[in-house]
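Remarks on the structure that follows.
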Amino acid sequence: MAALAIAGGVDIDDETDARASLDRGRPVRVVLPAATLGAEPPPGMTDPRPTVPKPTAAGLPLDAAQVAAALPVAALRRRVATCALPFTTTADLAVSAATVGQERALEALAFGIAIPHDGYGMFAVGPPGTGRHTLVRRRLEAAAARQPVPPDWCYVHDFAAPQRPRALRLPPGRGAALRADMKTLVDDLRVALPAAFESEEFRGRKDAIANEYKEKHEQALEAIAERAKTKSITLVRTVGGVALAPVRDGEVMDRAEFAKLPDAEKERIQREIETLQAEVQAALRELPKLLHEQRTRLRALNREVTELAVGHLIDHLRQRYADLPEVCTYLAAVERDIIDNAEQFVAVEPTPPESVADLATLRTGVALRRYEVNVLVDHGKTEGAPVIYEDQPSYHNLLGRIEHIAQLGTLVTDFTQVKAGALHRANGGYLILDARQVLAQPFVWEDLKRAMRAHEVRIQSLADKLSLIATVSLDPTPIPLQLKVVLVGERWLYYALSAFDPEFGEHFKVPLDFDDSTPWGDDTPLRYARVLAQYARQEKLRPLDRDAVARIVEEAARLAGDRERLTTHVSRLFDLVREADHWAGLAQHRSVTDADVGRAIDAGIRRADRVRERIYDEIARGTLRVETSGARVGQVNGLSVVELGGFRFGQPSRITARVRLGRGEVMDIEREVELGGPLHSKGVLILGGFLGARFAAQRPLALSASLVFEQSYGGVEGDSASAAELFALLSALAEVPIRQSLAVTGSVDQHGCVQAIGGVDAKVEGFFDVCAAGGLTGEQGVLVPAANVQHLMLRQDVVAACAEGRFHVWAIDDIDQGIEMLTGIPAGERGEDGVFPQGSLNRRVDDRLAILAERARQFAAESRREVEP
């Protein structure tokens, strides 16, 4: 095929297109199509395409310079210096309350404890396992020990308003003493009052009063009887009362005898009886008055006797509580009520049937219960201010509750059934709550804020709160509230409350931000050693030797995903210590060794890696295609991270790209089928920006490309594969094969810079494991962003393979470095004339895009000619 070669202009790939362009006065540069790769150009024509290495069965072999460019072993894993751990085992270390990192959180905690103003509640923010609960509680208890003990709180019966129990504030320990004193008072009265009422003096005075009024009543009747006798009428006492009847010869006349009397006599007797009957009725009407006077005098007698029996007992209590005016006022009310209801202290005589006696006894016990003292909070044995952690902050557990008891098939309650909540127990000190659990309970969050805002805690039945019908229930007087509330929760929860609850910032002004990692300084390994030593002694575990501590510290860096930082998830490290101690016990070691720690790590992975093992097995069997040798056009090994149940592992995947004539679209197949997340889609869209800026600044980007994760059946998220996708796209445009022995991770920006990604250790190790399963050849390795070198803490077997030259890790800063490593062809930079150098990969891409642009122009022109008349 003939061809023309003219510097500059538009690239075309056949003679017809070239002549057509020349006819229109446009210069061209002719490039042979990829199909003629390796063919000799026609006479007089220059082939500007790069010389592409021909792949062998083993792929494109690495040259010495590329091998030498791999990262040194020291950059793959940071080791703990022996001098940083100056001990043989942790048994040599002194016990101390050591902490790891969290200086910011501890400073905020000290501030929140010290500031006395309202609204400075604290929120411990951070991931679980960083010691939030333990550290906060330890510091709060240390501060609370230096603070005064808060008062006791009691509920007592309000004799004026029985449905509204009164709250009494007493010095620490005095609440229990008052309860005991009131119980003793009731017990004494139950003995003293019956004895007083059964005394000879009381009985005599009582009988005298009764006889006095009885005699008055009898005297009135006797006077009437005497007058009736003079008129031949007698006063007869019957079961039904008093009656008048005529008499003859001293005998009461019956009806027959009375009927034989003359009418005049009968009329006289009838008139006399009616007159006397009126006098009898008048005397009987005086009887209630006499009885009332009798009862009044008896009550006065009862009060007098009761006052004598009660007075000295109450006076004794008044003297004991003379410094507490509220208690003295309560004792005065108790005295008045006892005097008014002294009969309740008299023992109930058994009355058949038995149920009636039980009911009477029950009523007496209920009546006497109002003299009890319900100690809501007792600080008699408390030292310092209280620090309360409520692990189940339900409505009643937090704000208190009113319980009920069953009596004769009915639920009843009184002030003795009022129970304290966590707010009562923590009053005057500190209350620690889990934010998630607080928000999960109905009504708790709003009522907690209300209590903090009102500085009082009000006990209300949740049933009453939900009821649509008003019922008679207790309404205890609120108790003044003064405490610091500390919530513990994740960051997203703190930010969500800050954003959506306008009252949140009014009550929790102090965030305690717990970091999930801390810088690895010179003294950090020793600080970790002290924490591990303290934990081992606390749990009665074997001490750890120096190498075991070093291995755990290095594992802490792996968990942090950063060679310059260590994780503060101490709970995971403590789990590792416990498991290592278990393996040390099986091996009969006196101390935990590096081997025990390694065995614990391996065993933990073994328990969790079933899915990873299956995936790697399917790759080895060829079910999931991942090539680790050879070379392919438009195909690259990308790396992703899978996390299941807290276990992370890397999964290699083939990323392929195909290009054709189009309108500048780079299609993400994952996005089109809704398997790609927004971050992944963003990364793919950036590729179009890069291609347009580098290769289509002066002409349209006339391609259509498609990118896909092959054999991906789940969602894809993140932009860490965007560099690999760009490499596949450049390979497809240049039609240059990529080494399949290499894998790539990293994101890319529109300028072609390779940016840091997460999970770099898992990704490198994942490709290593796949390669090792088929045998390491020394040609395999992973390209990682240079910004991720500081994060590398690879497994020891990976580091050993790199040290032996059987595996490699390279760091790249930009796309050009990566494409050169993957293809073995120089990327090339634009010269001053705006043209990439011959033999470069960028030149080949540029030429290919120019051809596509010219074809697109031709199609557009032909379409216009067909439309024109």
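Would you point out the residue of segment 172-200, among those that are of a type in the set (D, E, K, R) and open to solvent by 90 Å² or more (accessible area, probe 1.4 Å), that is farthest from residue 386 (Cα to Cα)?
This residue is 200.
If the requirement is being over 27 Å from residue 432 (Cα atoms), of a type in the set (D, E, K, R) and either crowded, with 19+ Cβ neighbours inside 10 Å or touching a strand residue (DSSP E or B) at 6+ places or on another chain (Cβ under 7 Å) (or both), which of these qualifies: 581, 516, 523?
Going through 581, 516, 523 in turn, the sole match is 581.
Has segment 167-185 got any residue that is assigned to a helix (DSSP H, G or I), hydroxyl-bearing (Ser, Thr, Tyr) and modelled with pLDDT of 90 or more?
Yes, some residue in segment 167-185 is assigned to a helix (DSSP H, G or I), hydroxyl-bearing (Ser, Thr, Tyr) and modelled with pLDDT of 90 or more.
Name the one entry in 772, 762, 800 that is without any contact (Cβ under 8 Å) to a residue 24 or more places away in the chain, over 30 Å from residue 846 (Cβ atoms) and not basic (Lys, Arg).
The conditions single out 800.
If you take the residues of segment 81-114 that are over 25 Å from residue 525 (Cβ atoms), touching a strand residue (DSSP E or B) at 6+ places or on another chain (Cβ under 8 Å) and hydrophobic (A, V, I, L, M, F, W, C), which of them is surrounded by the fewest Cβ atoms within 10 Å (Cβ to Cβ)?
Looking at residues that are over 25 Å from residue 525 (Cβ atoms), touching a strand residue (DSSP E or B) at 6+ places or on another chain (Cβ under 8 Å) and hydrophobic (A, V, I, L, M, F, W, C), I get 111.
I'm trying to understand the selection: among the residues of segment 481-509, which are more than 15 Å from residue 451 (Cβ to Cβ) and part of a loop (DSSP other than H, G, I, E, B)?
490, 501, 502, 509
Report, by residue number, each residue of segment 388-413 that is of a type outside the set (A, V, I, L, M) and open to solvent by 30 Å² or more (accessible area, probe 1.4 Å).
Those that are of a type outside the set (A, V, I, L, M) and open to solvent by 30 Å² or more (accessible area, probe 1.4 Å): 389, 391, 392, 396, 397, 401, 403, 404, 407, 409, 410, 413.
Name the residue, out of 127, 150, that is open to solvent by 20 Å² or more (accessible area, probe 1.4 Å), touching a residue at least 60 places away in the same chain (Cβ under 8 Å) and either part of a loop (DSSP other than H, G, I, E, B) or under 14 Å from residue 105 (Cβ atoms) (or both).
Going through 127, 150 in turn, just one is open to solvent by 20 Å² or more (accessible area, probe 1.4 Å), touching a residue at least 60 places away in the same chain (Cβ under 8 Å) and either part of a loop (DSSP other than H, G, I, E, B) or under 14 Å from residue 105 (Cβ atoms) (or both): 127.
Inside segment 602-656, can you point out the residues that are closer than 24 Å to residue 684 by Cβ and free of Cβ contacts under 8 Å to residues at least 40 places away in the same chain?
If the condition is that a residue be closer than 24 Å to residue 684 by Cβ and free of Cβ contacts under 8 Å to residues at least 40 places away in the same chain, then 642, 643 are the ones that fit.
Do you know which residues across segment 175-202 are without any contact (Cβ under 8 Å) to a residue 12 or more places away in the chain and acidic (Asp, Glu)?
Across segment 175-202, the qualifying residues are 187, 198, 200, 201.
Does segment 422-443 hold any residues that are assigned to a loop (DSSP other than H, G, I, E, B) and over 20 Å from the mean Cα position of the chain (by Cα), and which are they? Give the derivation first.
Applying the first criterion (assigned to a loop (DSSP other than H, G, I, E, B)) to segment 422-443 yields 427-429, 441-443.
Across segment 422-443, the qualifying residues are 427, 428, 429.
Please go through segment 229-276 and give me each residue that is at pLDDT below 70, among the polar types (S, T, N, Q) and part of a helix (DSSP H, G or I), ordered by number.
230
Inspect all residues belonging to segment 444-457 and state whether any of them is of a type outside the set (Ser, Thr, Tyr), buried (at least 22 other Cβ atoms within 10 Å of the Cβ) and part of a loop (DSSP other than H, G, I, E, B).
Within segment 444-457, not a single residue is of a type outside the set (Ser, Thr, Tyr), buried (at least 22 other Cβ atoms within 10 Å of the Cβ) and part of a loop (DSSP other than H, G, I, E, B).
For every residue, the table says whether it meets (1) of a type in the set (A, V, I, L, M, F, W, C); (2) within 25 Å of the chain's Cα centre (by Cα).
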{"site": "510", "(1), (2)": "yes, yes"}
{"site": "520", "(1), (2)": "yes, no"}
{"site": "532", "(1), (2)": "yes, no"}
{"site": "536", "(1), (2)": "yes, no"}
{"site": "549", "(1), (2)": "yes, no"}
{"site": "568", "(1), (2)": "no, yes"}
{"site": "572", "(1), (2)": "no, yes"}
{"site": "576", "(1), (2)": "yes, yes"}
{"site": "579", "(1), (2)": "no, no"}
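Would you mind telling me which numbered condition in (1) at pLDDT 90 or above; (2) closer than 27 Å to residue 312 by Cα; (3) open to solvent by 20 Å² or more (accessible area, probe 1.4 Å) residue 203 fails?
Of the numbered conditions (1) at pLDDT 90 or above; (2) closer than 27 Å to residue 312 by Cα; (3) open to solvent by 20 Å² or more (accessible area, probe 1.4 Å), the odd one out for residue 203 is (1).
Every residue in segment 734-756 that is surrounded by fewer than 24 Cβ atoms within 10 Å (Cβ to Cβ) and more than 15 Å from residue 814 (Cβ to Cβ), please.
Once the filter is applied, which keeps residues that are surrounded by fewer than 24 Cβ atoms within 10 Å (Cβ to Cβ) and more than 15 Å from residue 814 (Cβ to Cβ), segment 734-756 yields 735, 737, 740.
For segment 739-847, which fully contained strands (runs of 3 or more DSSP E) count at least 1 residues that are in contact with a strand residue (DSSP E or B) (Cβ under 6 Å, 6 or more places away or on another chain) and more than 30 Å from residue 693 (Cα to Cα)? Give the steps one after another, and end with the answer.
Values: elements: 742-744, 781-785, 808-812.
Here the list reads 781-785, 808-812.
With within 27 Å of residue 159 (Cβ to Cβ), within 59 Å of the chain's Cα centre (by Cα) and either of a type in the set (S, T, N, Q) or at pLDDT 90 or above (or both) as the only criterion, which of 313, 368, 331 stands out? Don't jump to the end; show me each part of the working.
Working: 313 fails: either of a type in the set (S, T, N, Q) or at pLDDT 90 or above (or both); 368 fails: either of a type in the set (S, T, N, Q) or at pLDDT 90 or above (or both).
331 is the lone residue from the list that is within 27 Å of residue 159 (Cβ to Cβ), within 59 Å of the chain's Cα centre (by Cα) and either of a type in the set (S, T, N, Q) or at pLDDT 90 or above (or both).
If you check 755, 698, 740, 711, which single one turns out to be of a type in the set (S, T, N, Q) and at positive phi?
711
Which is at pLDDT 80 or above, aliphatic (A, V, I, L, M) and either under 16 Å from residue 342 (Cα atoms) or more than 49 Å from the chain's Cα centre (by Cα) (or both), of 193, 221?
193
Cβ-Cβ distance below 9 Å, separation of 6 or more or different chains: which pairs start in segment 548-569 with a residue that is free of Cβ contacts under 8 Å to residues at least 24 places away in the same chain and end on one that is part of a strand (DSSP E or B) and buried (at least 21 other Cβ atoms within 10 Å of the Cβ)?
559/566; 559/567
The values are calculated or read from the model by the stated rules, or taken from the named source; none is laboratory data. What you see is a predicted model, and the numbers here were worked out from it, not measured in a lab. We place every Cβ from the backbone using ideal geometry, glycine too, and count neighbours over all the protein chains shown. These area figures cover heavy atoms from the full protein model, side chains too; ligands, DNA and RNA do not enter into them. Shrake-Rupley method; radii C 1.70, N 1.55, O 1.52, S 1.80 Å.
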